[in-house]
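So the structure is just underneath, and the comments pick up after that.
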Amino acid sequence: MTAPPRHLPRPRGPVAAATRAAIAFREGLPVAIHGSDGTSLSYALETLTSEALAEVKDGALVLTHARARTLKIRLYTPDVVALPLDALAAPETLLTIADPTFDLAAPLKGPFTPLRDKLPDAFAASVKLAKLAGLLPATVCVRVAEAPSHSISISVTDPQDYESESVDTLALVTRARVPLEGAEDAELVAFRARDGGAEHYAILIHAPPPHETVLARVHSECFTGDLLGSLRCDCGPQLRGAIETIAKSGGGIVLYLAQEGRGIGLINKLRAYRLQDQGFDTMEANERLGFEADERLYRVAAKMLSLLGYSSVRLLTNNPAKAEALADAGIEVVARVPHRFAGTTHNRGYLAAKAKAGHLL
């Protein structure tokens, strides 16, 4: 057995602390989360080992309300639910509870009796941390008197404050001319936050003057659609169509955000695809996984526009909620410009789900 990692002090600042803790979760290591109501030791369920489970055997499996509703679990506690661990529980059996891609193979689950008493604030924070790590939003937590020496220690507020500090520290790193098909007069601008995570990009077409209302498209990255040409979605046509539309209009910006799968990440998006193959739509699949229907953040788009010198846009979108979110983030949305494309036999269900969610198609 390998020696446990040495104890590391809590990093300075929410971004540094949450980033290091997220890495620990991905490596299957424990994170001690400190709050005003005490300390809890937590592991991400997706990387939980039998040895780690033995360390938290008196604790609970923590799930989001979205996943709990799928499992018909009563919601007695805010934000998350906690299921006491069975003495015979194993990581594999716990995973079948949290991961809906196992629902067909292991359909008989429950009934479950969740804890009704007030949960430590760290329980909800641990699930937020699992999301930041790109893992399933499920953890195993136990109250402890003090943090073990082999754990990473963070504050209960770090995972929540991560997002605001990450946006606040977003900076323009570099820019270069990159001629594109359909828009030869284009410049690519790269942005990076202090968390060292995935970069965001802006495509400036025909160098629109700063401080003027600009035609803009806010586009969340889609590896399968943008790069591979997947027919399951309309992301690729929307991206290339936006570049062409903006070029023909005289100029504007495409903001390319690193928020794959409506903010749940590529691996979880592929899990969602498996659920879609079982008959669930895009939003339903995300919720069955334990996420919100849409986990994207638009403050980062507002910050990118601000760093480029723009404060008002004509937004190229079919989604009124996106316009509202950008306005809430401080950008004046002067108009919503429709951005529609014909459906295919492969993405009709996807477009229908969008329409159900309020997209004007």
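The values are calculated or read from the model by the stated rules, or taken from the named source; none is laboratory data. Just so you know, these numbers come straight off a predicted model, no measurement behind them. Note that each Cβ is placed from the backbone with ideal geometry, even for glycine, and that neighbours are counted across all protein chains shown.
Taking the conditions (1) at pLDDT 95 or above; (2) over 23 Å from P120 (Cα atoms) in turn, G182 satisfies each one other than (1). Taking strands (runs of 3 or more DSSP E) as the structural unit, those lying wholly within region 11-68 and holding at least 1 residues that are in contact with a Phe, Trp or Tyr (Cβ under 6 Å, 6 or more places away or on another chain) and among the hydrophobic types (A, V, I, L, M, F, W, C) correspond to 38-44, 60-64.
The selection criterion, being crowded, with 23+ Cβ neighbours inside 10 Å and either under 24 Å from E295 (Cα atoms) or in contact (Cβ under 8 Å) with a residue 60 or more places away in the chain (or both), holds for L63. Scanning region 306-358 for residues that are modelled with pLDDT of 90 or more and among the hydroxyl-bearing types (S, T, Y), we see that the one that is nearest to L231 (Cα to Cα) is T317.
Scanning region 213-232 for residues that are in a strand (DSSP E or B) and either within 16 Å of the chain's Cα centre (by Cα) or not charged (D, E, K, R) (or both) gives V214, L215, A216, V218, H219, S220.
Looking only at region 159-208, which residues are under 15 Å from A17 (Cα atoms), surrounded by 15 or more Cβ atoms within 10 Å (Cβ to Cβ) and touching an Asp or Glu at 6+ places or on another chain (Cβ under 9 Å)? Passing the criteria: Y162, E165, S166, A193, R194, D195. If you filter region 100-125 down to residues that are in contact with a strand residue (DSSP E or B) (Cβ under 8 Å, 6 or more places away or on another chain) and assigned to a loop (DSSP other than H, G, I, E, B), you find that the one that is farthest from S36 (Cα to Cα) is F112.
Of all the numbered requirements in (1) assigned to a loop (DSSP other than H, G, I, E, B); (2) free of Cβ contacts under 8 Å to residues at least 60 places away in the same chain, K128 misses one, and that requirement is (1).
Where strands (runs of 3 or more DSSP E) fall entirely within region 243-338, those with at least 2 residues that are within 19 Å of E163 (Cα to Cα) are at 252-257.
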